[in-house]
Structures are given as structure tokens and as C-alpha cells.
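As C-alpha cells, the structure follows; a few thoughts come after it.
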Amino acid sequence: MFAAGLKCPGCGSSNIVDDDLYCQAQLVCVDCGSVVSEGTLADDPVGGTDVSYSRTTAVTKKPCLNLIKGLERVKEMCRILRLNSEIEDLALTYFRQAYQQESFINVTLQRKEVLAGCCVYVSCRQRDWPITLGTISSLLDADSTLVGGVYQEMIKILNIQAPFVTIADVIEAHVQEYKISAQHVTEELAEDSKVLTKRAVALVELAGDSWIVTGRRPLPIMMAATYLAWQSLNPNKHRLKLSLDKFCHLAKVQKRKPAVMRITELKEVLCKLGRELPWVRETVTQDNVVRLVGDILEHRHTLLTRALRTHETAMQADCPQASALNSPTEEVTPSQRSESRDQTADASSALQLCPTDRTENQEGDDSHQTEDPEPNWGVRVLFAPPCVVHAKRRRVEPPPVQNVTGDEEISDSEIDSYIRTPQEARAFALMQKAVSSSGSGNS
């Protein structure tokens, strides 16, 4: 190959060819054999040519193995839940971002797997896809407390705003899990999912109005509402005789143990409202209240008002002192008004204490006086939060006893508290008589 424009410095010939016989190409004069140029490296700049890092012999950086497994786990859960591609891409993005944080790098593999589930959960909530944290916990076979802790930590680190989801928003997806359509069960037990969802949502709203939902896990409440809705839509003998265990086995779902208690609480609320129905003559109990669920839910707001008014009237009837003080009186002077305020405050406290079996404080010695603890106010109202109705008893530390010799006198009130039966009272009287007679004989 001839190189145009070049001349041999030795003979001045322009007959110069490219000699590529060796590994380095050279320009050689054909006439005299002189080497005109020693190759392309002689024409390179002093610092060498710029070569990109990707074209060198360095190995391309690959993602971590646990990151690859986490991304695959996210895709698996999205396919199990049948999520669309938008939610799946968002979950993968959140997992990549969270995995780069220090809080999720040097942790256990279980915590990283839970992180993948939390990314799927927050993506569903942001795209209005109904799902609960309990569903994620079941898919991961992990403790719900651990899943909740990782979820709170993740949204705090990534600064994610997840919308609030109520039970009514996810109960439609929950009802779809029950295989009780005409294709799976007989005609007497089959029910349309849309009609069942509408009745279950109404029961959940009633549970929310009566404080049953407060502080409770959603899955047992949804299961209890679905079970009662299924029974009440067609209360025949085939449905009423099926227990929750048989219903879950029929619908091919896993039973939640707290759902039995939620069913009992829902039936108690339904009984309280069913007694206010004016056309019901029979006594409403938990055995026959299922037949009245449709009427109760249709008029639940009116029945709630009537039940609260009836309970308030019964409370005032039990405490006539408070109702008498609250009645209108004649015109009074300002000094009498202040006394009336004090009496009204005393009456309100009496109204709270009246329905309970609280005993009066009794004085033993002049220097000692006992007081009973404040009773639970949740027992006195018609509807109250579960933490108030079933309040935990606080541990009361006994007062320190000092200088106990055993010769202290026992008050009559303490002695009376030890006596329980008439036989014990007669034995105590005979003992006192014998002690007094022996004392008089010795004197």
C-alpha cells in the first residue's frame, strides 16, 4: 500500500509503501530501503490516547447477590398478588433505593426479605391497590411485628408518604379469597361476591361505630364480618348450623383465632340494636339476631341513637339523686348558684359510681382510712373501646409496714370483713362470750 504525500529523506523518492509484515507497521522506501516511519505509535501524543474505562481489561461491577435475590423476590410477590407492571416497577425502584441505605445492608437475610415485602406493600398503597400488612406477613411467613417495624423504618428513611387505608377499602379483595360461589359450593351455601361485600362493608362500618375496630387487627374483623354477612343474607338451616371452622374449611381459607371473639362482639352490638326494633316482639339473643341483621344495618343510625338514649335513661333511673339535681329549679341567688355547681359535680360523680357495686369507705382508726380504686368507666357506657372495657388491672404496691409487733388492735370493720357466713358469726359470738366469761372468772 502506497503512502501518498511522503518522500524518503535519504533519496527523495516518493515510492514509499506500508510494510505490515511485523506486528508494528512501518513506512519503507522501495528505492533505497530506508525506514521512513516506525509505525503509528510514533505519531501518538506523549501522554498516549484517551481510552474509556469500559474498554480496558477491568471487570464491569456487578450487583450484589443478595440484591439480585431481593429483586427476584419482589417480582415473585408481585406475580402472586397479580399486580400490574406499574406497581412492580415502583416496588423494584424502592427496593434498590432502600438496599443502598446503611440500615438495610448489614442486616439478616430475613430482614432483607421483609424489606422486599414492605416495598411491595407501600407501592400498592400508593397506587390504591387494596392489600393489608397481614397479607404480606403471610406471604413472607414472618412475624407481623417485624414487618411493621421494617415498614415504619423504610418509609422514614426514604421519606415516603403512604396514604391511609381503612378496612372498608380492602374488604372487597378479602371477600374474593372465599370460594363460596355457585361454582364451588351448593346452591344453599353459594353467595354472590358483590352482595356479600356490600353486607360485610356495612358490618365493618357498624363495628367501627361501636369501637370494635379500634386497636384490632383487620383480618379477624373482616373474617367475622364476612361470616356474619354470609349467614344473614340467607339465614337457612344449612348456613346457621355451620360454625366458623366449617365455614373456613368450606371457603378454603385459613381461620383466624381472634375472629371467634370478634363474632361474639359483633353479635352483642347487634343484640343491643335489635332490641330497639319496634316490630320485634321476641327476645333478641345471639342465637336469633342473625335473622335481623338486614333490618339492623338498614336503620343502624336510628337504632344507635335510640339505644344510647335508652341506656342513658336507665342510668338516670338508677341514680335519682343526680337526675333530681339536674332538673330545673326556681331562680336562685349567686351564692346559691356556686353551691349548686358543687352539688352538680357531686351528682355527676355519683352518677358514675351508682351502677357499680362500690362500697363506702370505712374508718378504722383515726390515723388510717382506706379508699377503693376508681372503677372502670367502660362498664358503665353502652359502647366503649376494647382497651377500656377489658382494662388491665394496675398492680398496686402495698404500703410498707413498719414496726409490726403482732399486738396491734384489729378494727371492727376488718373483723367484719373476715366473717362470711352466719355459722362463722355464731362461732365468733360464742368465742367472745367464752373469752369474757373466762376473764371475769380469773378476776
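List of remarks:
- Each of H238 and T285 was given a label point 7 Å from its Cα along the Cα-to-Cβ line. The distance between the two points is 2.7 nm.
- As a calculated quantity, the FRET efficiency between K75 and R426 at R0 = 56 Å, using C-beta atoms, amounts to about 0.10.
- Of the chymotrypsin sites (Phe, Trp or Tyr not before Pro) found in the stretch 64-172, the ones in coil according to DSSP and having at most 13 other Cβ atoms within 10 Å of their Cβ are F164.
- Kirkwood hydrodynamic radius of the stretch 208-264, from the reciprocal of the average inverse Cα-Cα distance over all distinct pairs: 11.8 Å.
- Dividing the mean sequence gap of close Cα pairs (under 8 Å, 6+ apart) by how many residues the stretch 98-240 holds gives a relative contact order of 19 percent.
- FRET efficiency, Q101 to R394 (Cβ-Cβ, R0 60 Å, nearest 0.05): 0.90
- Carbon plus sulfur fraction of accessible area for the stretch 65-158, probe 1.4 Å, in percent: 47
- Per-atom-type breakdown for the stretch 166-235 gives carbon and sulfur 49% of the accessible area (1.4 Å probe, protein chains only).
- Global geometry of the stretch 167-316, whether rounded, prolate or oblate, following the gyration tensor of its Cα atoms and the 1.5 cut on a/c: prolate
- Whether the stretch 65-158 is rounded, prolate or oblate, judged on the alpha carbon gyration tensor where a/c under 1.5 counts as rounded: rounded
- Heavy-atom accessible area per residue - the stretch 65-158, 1.4 Å, Å²: 51
- Given K179/K237; K194/K392; K194/K257; K179/K257; K198/K257, the pairs whose alpha carbons are separated by over 31 Å: K194/K392
- Loop-located trypsin sites (Lys or Arg not before Pro) in the stretch 141-221, at most 16 other Cβ atoms within 10 Å (DSSP): K179
The values are calculated or read from the model by the stated rules, or taken from the named source; none is laboratory data. This is a predicted model, so every value here is computed, not measured. Heads up, the Cβs are rebuilt from the backbone with ideal geometry, glycines too, and the neighbour counts pull from every protein chain shown. These accessible areas exclude ligands, DNA and RNA; they are computed on the full protein's heavy atoms, side chains included. Shrake-Rupley method; radii C 1.70, N 1.55, O 1.52, S 1.80 Å.
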